[in-house]
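Shown next, in structure tokens, is the structure this report addresses.
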Amino acid sequence: MAAVKKAGNALIIGAGLGGLAAALELASRGWRVQVLDQRSGPGGKAFTERLGPYRFDTGPSLLTLLPVFDELFALTGADREAYFGARPLEEIARYFWPDGTALRSFSSPRTLADSFSRAGIARTREVLAYLEHSRKLYERSTPLFLYDTIDPRSLWRRPALWPRLLGILGLDTGRTLHEVHRSFFRDSRARQFFDRYATYNGSNPYEAPGTLALIPHVEYGLGAWAPEGGIYTIPLAMERRAREMGVEFCYACTVESLAPPAGEGGGWIAETSRGSFEADVLFSNIDPQGFYGLLGDPPRTRRYQVEDSRLSSSALVFYWGLGNTYPQTGLHNIFFGSDYPGEFRSIFQDRQVPEDPTIYVNITAKYVPGDAPEGSENWFVLVNAPPRGEQNWDEVVPAVRERVIASLERRLDRDIGRYIQEESWLAPPGIEELTGSYRGSLYGPSSNHWKSAFLRHPNKSSLYRHLYFCGGSAHPGGGMPLVVLSGRLAVRELLRSW
């Protein structure tokens, strides 16, 4: 009988949710783990910022697929609720259209459908039929695309996946997401409501495959939650559990270069601003294109370079501490622009911030009172934007700011600009600098083609020994629960060959 190889040493670059998930799973299996990150703490894009008395979650804002986190903590012998709490959201978001239509979305499919009916946007049965379609897509696609590794070069060696793969290829891959919604809904507002789900992974609903219609089921079939204390409690909780298990963290640690194993018994070497680190295996929780730059961009890594035209969208974010309250708003708020197709042309073709963009406003003080002083609110205001290009953001940002304030004041019929007490903003170049996301793209490659799911960076490198990838740019994609799954899938790939 062959000897079982002992657990080794693992080095993880990046303390985002993917890297933290990989660290937790590795530690639970007896590995010694070190995690490096250039920032001052864990979280990656799921970070936090404080402006005076106001606190903000600076990245993701909606928690879905909570069982993914439950299972991760259970794997380590812990109860997730002992590390961070989360309350289910009955009302998920409030939607506002330019014509004055307003709608509240609810986690119950029936309640959501009735809300559509009352607003005159769609009939109850139309919404329920669509959500049933979404459920079927989700249940048929997730076993392969979320809970298993998927590398096109190795699929032929896994016959057990072929039937599932063939079945998925027939699920609206030949229609765009917008075309799917056009077949279900006559009202453009209903189509716009569900088209927006393409932006959950930075894609264009007029190009992305209809398979993305599975996303609404995640919210309206499986539920959404608000973490007690805000989103940043999640990476803090994961880091806390990892430290209890012996994982070591090195922050303010910039990786300057990497050297792959130099022989059968060699390991990976990372030269950093805090010294040298060596390990048997290496996990990258940073954008693959930035990672390969640390290796000197060898020619054989060019197959993984993502052309700018394939990148997902970025964002322009304003953080406003407002000395006022706005009862018309909730925790999550979406203010649609007047030309939805034009928005996506601006972002993906013209490479410009739309003239009249859809505006997302997250106000955690509605749920976490300590995030703003009494009688005040903390507004995280996001508009979709193209990845970093030739734009002069010092000129773009003030112009967009004025348009956004004017739009919100008009929609809410309330002053906003004069109540801004604290302010900061983050544009694609800053996102790239802080998180390492290539050109500030939030999700790596977009899903603007039916083959996109097969084109994400695989979790295991075929170019280097003992190298694994996780995070939003790797399989299965962006979004907090998917990134956690990415870290676990990367560890699974290691254990298959260790």
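The values are calculated or read from the model by the stated rules, or taken from the named source; none is laboratory data. What you see is a predicted model; the values in this text were computed from it and never measured. Using ideal geometry, Cβ is built from the backbone for each residue, glycine included, and neighbour counts are taken over all protein chains shown.
Is it fair to say Gly471 is in contact with a strand residue (DSSP E or B) (Cβ under 9 Å, 6 or more places away or on another chain) and part of a loop (DSSP other than H, G, I, E, B)? Considered against the rule, which asks whether it is in contact with a strand residue (DSSP E or B) (Cβ under 9 Å, 6 or more places away or on another chain) and part of a loop (DSSP other than H, G, I, E, B), Gly471 comes out as yes.
For region 458-468, give me each residue that is in a loop (DSSP other than H, G, I, E, B), closer than 12 Å to Glu493 by Cβ and either touching a residue at least 12 places away in the same chain (Cβ under 8 Å) or outside the structural domain of Trp268 (by the TED database) (or both).
Within region 458-468, Pro458, Asn459, Ser462, His466 meet the criteria.
A residue that is under 20 Å from Glu432 (Cα atoms), at pLDDT 95 or above and among the hydrophobic types (A, V, I, L, M, F, W, C) can be found somewhere in region 348-356. For first residues located in region 217-246 and closer than 29 Å to Ser134 by Cβ, partners that are of a type in the set (Lys, Arg) and in a strand (DSSP E or B) and lie 6+ apart or on another chain with Cβ distances below 7 Å form the pairs Trp225/Arg87; Ala226/Arg87; Glu228/Arg87.
Remark: pairs (first residue in region 25-45, more than 22 Å from Glu71 (Cα to Cα) and among the polar types (S, T, N, Q); second residue part of a helix (DSSP H, G or I) and modelled with pLDDT of 95 or more; Cβ separation under 7 Å; 6+ apart in sequence or on different chains) are absent. If the condition is being at pLDDT below 95, of a type in the set (Ser, Thr, Tyr), part of a helix (DSSP H, G or I) and touching a Pro at 6+ places or on another chain (Cβ under 9 Å), then region 287-345 contributes Tyr292, Thr301, Tyr304.
Here the condition is being of a type outside the set (A, V, I, L, M, F, W, C), over 30 Å from Arg403 (Cβ atoms) and touching a strand residue (DSSP E or B) at 6+ places or on another chain (Cβ under 7 Å); of Glu248, Glu264, it holds for Glu248 alone. Of the residues examined, Asp172 is not one that is assigned to a helix (DSSP H, G or I) and at pLDDT 70 or above.
Restricting to region 98-132, name every residue that is in contact (Cβ under 8 Å) with a residue 40 or more places away in the chain, of a type in the set (Ser, Thr, Tyr) and out of contact with any Asp or Glu (no Cβ under 9 Å at 6 or more places or on another chain). Passing the criteria: Thr101, Tyr130. Restricting attention to region 474-498, the residues that are part of a helix (DSSP H, G or I), within 17 Å of the chain's Cα centre (by Cα) and not small (Gly, Ala, Ser) total 8.
For region 3-23, the candidate set comprises residues that are more than 20 Å from Ser40 (Cα to Cα) and outside any loop (DSSP other than H, G, I, E, B); within that set, the residue that is nearest to the chain's Cα centre (by Cα) is Ala10. Within region 324-344, the set of residues being surrounded by fewer than 18 Cβ atoms within 10 Å (Cβ to Cβ) and out of contact with any Gly (no Cβ under 7 Å at 6 or more places or on another chain) comprises Asn324, Pro327, Gln328, Ser338, Asp339, Pro341, Gly342.
Here are some residues: Ser424, Ser407. Which one is in contact (Cβ under 8 Å) with a residue 60 or more places away in the chain, closer than 11 Å to Gly321 by Cα and in the same structural domain as Ser203 (by the TED database)?
Ser424
When residues in region 379-424 are screened for being buried (at least 21 other Cβ atoms within 10 Å of the Cβ) and touching a Gly at 6+ places or on another chain (Cβ under 6 Å), 2 of them pass.
Taken over region 196-235, the residue count meeting the criterion of being among the hydrophobic types (A, V, I, L, M, F, W, C) and in a loop (DSSP other than H, G, I, E, B) is 3. Looking only at region 52-96, residues that are in a strand (DSSP E or B), closer than 23 Å to Leu412 by Cβ, under 18 Å from the mean Cα position of the chain (by Cα) and not hydrophobic (A, V, I, L, M, F, W, C) come to 1 in all. For region 424-441, which residues satisfy the criterion of being more than 14 Å from Asn285 (Cβ to Cβ) and not in a helix (DSSP H, G or I)? Listed by number, the residues that qualify are Ser424, Trp425, Leu426, Ala427, Ser441.
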